[in-house]
1. With respect to the cross-link table entries Lys82/Lys170; Lys82/Lys115; Lys119/Lys170; Lys94/Lys124, which display a Cα-Cα separation exceeding 21 Å?
2. Just by accessible area at a 1.4 angstrom probe, what is the order of Phe174, Phe46 from largest to smallest?
3. Treating the Cα atoms of the range 48-170 as identical point scatterers in vacuum, please give the log10 of the normalised Debye intensity I(q)/I(0) at q = 0.14 Å⁻¹, two decimals.
4. Please sort 105-116, 129-140 by packing, taking for each peptide the average over its residues of neighbouring beta carbons within 10 angstrom, highest first.
5. Given a 1.4 Å probe and the protein chains all in place, what does the accessible area of Met149 round to, in Å² to the nearest 10?
6. Note down the accessible area of Ser141, probe 1.4 Å, to the nearest 10 Å².
7. Using a 1.4 angstrom probe with every protein chain in place, what is the largest-first accessible-area order of Lys64, Lys170?
8. Apply the Karplus curve 6.51 cos²θ - 1.76 cosθ + 1.60, θ = phi - 60°, to the phi angles in the range 92-97 and return the couplings in whole Hz, x for Gly and Pro.
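The values are calculated or read from the model by the stated rules, or taken from the named source; none is laboratory data. Worth saying up front: this structure is predicted, and the values here are computed from it rather than measured. Neighbour counts run over all protein chains shown; Cβ positions are idealised from the backbone, glycine included. Surface accessibility is based on the protein's heavy atoms, side chains included, excluding ligands, DNA and RNA. Shrake-Rupley method; radii C 1.70, N 1.55, O 1.52, S 1.80 Å.
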Amino acid sequence: RKEIEITKEQYGALNDNTYFIDELIGLTVYDENDTEIGEVLGEGSFGTVKMAIHKMTEEKVAIKEVKTEIVSNKNSIEREIKILNELHHPNIIKVYSTINNPKSVSIIQEFVGGKDLLKYIQHKEILSEREACIFFHQLISGVEYLSSMGIAHRDLKPENLLLLNGNEIKIIDFG
């Protein structure tokens, strides 16, 4: 992944954001004005995750907005962004871009429309051995990859495992 930083003068923007363009997604610029914000997908103690649609490409993304004034350790936000930008694995959430504002940082991520693993298990009540093995294999694959990169997740739990298409695990929340 290679990100190119562009200032507002270079982009011709009307606000004070710095824009990042990710070459992996066709040089799409993410800005508050370029996305249509949708429903809230989740809320945590430091911010909110919302679904959004990029107006030009109509691509669905998830925007994790972290309120920087609430976070006591600002390095944790920077660490999460740095870690996610380095990771390229099918079972780990992809980060496309970040938008820095004076009061928050927005992390534009891959949209995973499914439930987290905990809700899935609660709804289903019983997983077959085959299905459990598939999930476990994907989780171990992702954790093994993280380990090879020298990264420990430190908060692996079913709530931090989203399901894409009902059967593909995506590890999230590296903060």
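1. Flagged as over cut-off: Lys82/Lys115; Lys94/Lys124.
2. So the residues, ranked largest to smallest area, are Phe46, Phe174.
3. Here log10 of I(q) over I(0) equals -0.69.
4. 105-116, 129-140
5. 80
6. About 40 Å², rounded to the nearest 10.
7. Order by accessible area, largest first: Lys64, Lys170.
8. Once θ is set to phi - 60°, the couplings for the range 92-97 become 10, 4, 8, 9, 9, 6 Hz.
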